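S.K.: Before we start, here is the structure in question, set down as structure tokens.
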Amino acid sequence: MLRAWVAIGVGLAWPVYAQPKMLFATEANCRLIKGYSKYDLDGVASAFGVHASQVRFVKPQWGRSQTVGHQCQMVFSTPKGNKACAVLSITQGDFVFGQVVSSKGNNAICF
């Protein structure tokens, strides 16, 4: 999301991009999720012992938590059926995406 151009010296310009905005994990914001983050497919695949190419993002949902109340979840299709995974964060940039894996190599928390 390009915001402006900043002049840097004579005849040089540098693009300025808006920083993504973190959204609270509410039911309304959960419904806005349109995609997943960089390591989510690998994390879901690793959690279920399948290859990342066999995992697909299906939809966001507001569902029951395993511990207390409700939480935002992202549903992924796997060879072992559809699995709901807990959303760790929701970010809004050019579009809204959820994150179920915090960093490379970690497993998603799914049920």
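S.K.: Express the relative contact order of the chain as a whole percentage, based on alpha carbon pairs under 8 Å and six or more residues apart in sequence.
M.R.: Contact order relative to length: 29 percent.
S.K.: Looking only at THR67, THR26, THR78, which one moves most when the chain is put into a Gaussian network model with springs between Cα atoms under 10 Å?
M.R.: THR67
S.K.: Could you tell me the distance between the Cα centroids of the range 84-98 and the range 32-48, to the nearest Å?
M.R.: Answer, in whole Å: 10.
S.K.: Kindly put VAL100, VAL87, VAL75 in sequence by how many other C-beta atoms sit within 10 Å of each C-beta, fewest to most.
M.R.: VAL75, VAL87, VAL100
S.K.: Compute the distribution of all C-alpha to C-alpha distances in the chain, in bins of 5 Å from 0, and list the percent of pairs in each, rounded to whole numbers.
M.R.: For the chain, the binned pair fractions read 2, 13, 20, 19, 15, 10, 6, 5, 4, 3, 2, 1 percent.
S.K.: Further question on the same structure: Mind telling me which of ALA28, ALA18, ALA84 comes out most flexible in a GNM of the chain, alpha-carbon contacts under 10 Å?
M.R.: ALA18
Any read-out appearing in this document is the output of simple, stated calculations on the displayed coordinates, not a laboratory observation. Keep in mind the model is a prediction, meaning the values are calculated, not measured. Every residue, glycine among them, receives a Cβ derived from its backbone with ideal geometry; neighbour counts consider all protein chains shown.
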